[in-house]
Amino acid sequence: MEGQAAEVKLSTPTSSYLDDADDNIEKARQMAYETLTELLGKMNIDAKVVTRIVDPEDDKDRPIILADISGKDLSILIGRKSETLNSLQYVTSLILCNQIGEWVPLMVDVQGYRYRRERQLRQLARRIADQVVQTGRKQVLEPMPANERRIIHLELRYHPFVTTESTGEEPNRRATIFLKPRD
Amino acid sequence: MKELVEYIAKSLVEDPTQVSVVETEEGDHIRIELTVAKEDMGRIIGKGGRVANSIRTLLRVAAAREGKRASLDVIEP
């Protein structure tokens, strides 16, 4: 009789792996919200934090937590070459990782700044790729942080004629776009 | 300023009971000294100082809100 009861319990949907993953990311989202609100409060910055879970464009990637901060005069939160924003994102990610026990992909944004920057970078990548195809000569982009170079690489990863790679040392590492070798 | 560093440090270390933060002010300069357990030094400093530098960046912004400058020293116990 006891055995039967246990079987019934096991077959309830809450024990599936998928739901566990959903629970974890939802827990991480809540924690990201609390951590950022706490950090901004202690930095004396009056701002609102909205967090949501974004499904990946590519099935191979994991969902990410997007935290958007809004308020008045928040350019100080971006900083030169988005240094402050990156620090805020890094510290928040580390705190999440320490509390949850695994690394959770997190993007911290200020009023859609990263989103707009990402769109610009995607356009830049496609425009430069066209130039490379037309001239046959490789192009080296301005130095960019890793998350921005990643956008360039991702945008062109299925491009039929060009390929990308990063060269140089941080903080002067640059994305390079060049023709695919013909085989 | 102290609360910011204390919150970050306590959230990152294994042993929060060993976190202590001392804040001293000279004119417009705020000096923060952070002490953590020896085993937690790596978590606070990070590879190539990346974690400590990120904390410094946030601290600088917080201090600038009050028209001040701030520095952070991580001290080995």
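The values are calculated or read from the model by the stated rules, or taken from the named source; none is laboratory data. Owing to the predicted nature of the structure, the values given are computational and were not obtained by experimental measurement. Ideal geometry is used to build each Cβ from the backbone, glycine not excepted, and the neighbour counts take in all protein chains shown.
Things to note:
- Looking only at region A:73-100, and only at residues there that are at pLDDT 90 or above and in a loop (DSSP other than H, G, I, E, B), the one that is farthest from the other protein chains (Cβ to nearest Cβ): A:L74
- Within region B:31-43, considering residues that are among the aliphatic types (A, V, I, L, M) and in contact with a helix residue (DSSP H, G or I) (Cβ under 6 Å, 6 or more places away or on another chain), the one surrounded by the most Cβ atoms within 10 Å (Cβ to Cβ): B:V36
- Enumeration of residues in region B:61-77 that are among the small types (G, A, S) and either within 12 Å of another protein chain (Cβ to nearest Cβ) or loosely packed, with under 11 Cβ neighbours inside 10 Å (or both): B:A62, B:A63, B:A64, B:G67, B:A70
- As a summary of the residue check, A:E26 satisfies the conditions (1) farther than 29 Å from B:A62 by Cβ; (2) at pLDDT 90 or above; (3) in a loop (DSSP other than H, G, I, E, B) except for the one numbered (3).
- When A:V140, A:V133 are checked against the criterion of being in a strand (DSSP E or B), surrounded by 13 or more Cβ atoms within 10 Å (Cβ to Cβ) and β-branched (V, I, T), A:V140 stands alone in meeting it.
- Region A:126-183, residues that are of a type in the set (V, I, T) and in contact with a helix residue (DSSP H, G or I) (Cβ under 7 Å, 6 or more places away or on another chain): A:I151, A:I152, A:V162, A:T164, A:I177
- Selection over region B:44-56 of residues that are assigned to a helix (DSSP H, G or I) and surrounded by fewer than 21 Cβ atoms within 10 Å (Cβ to Cβ) gives a count of 8.
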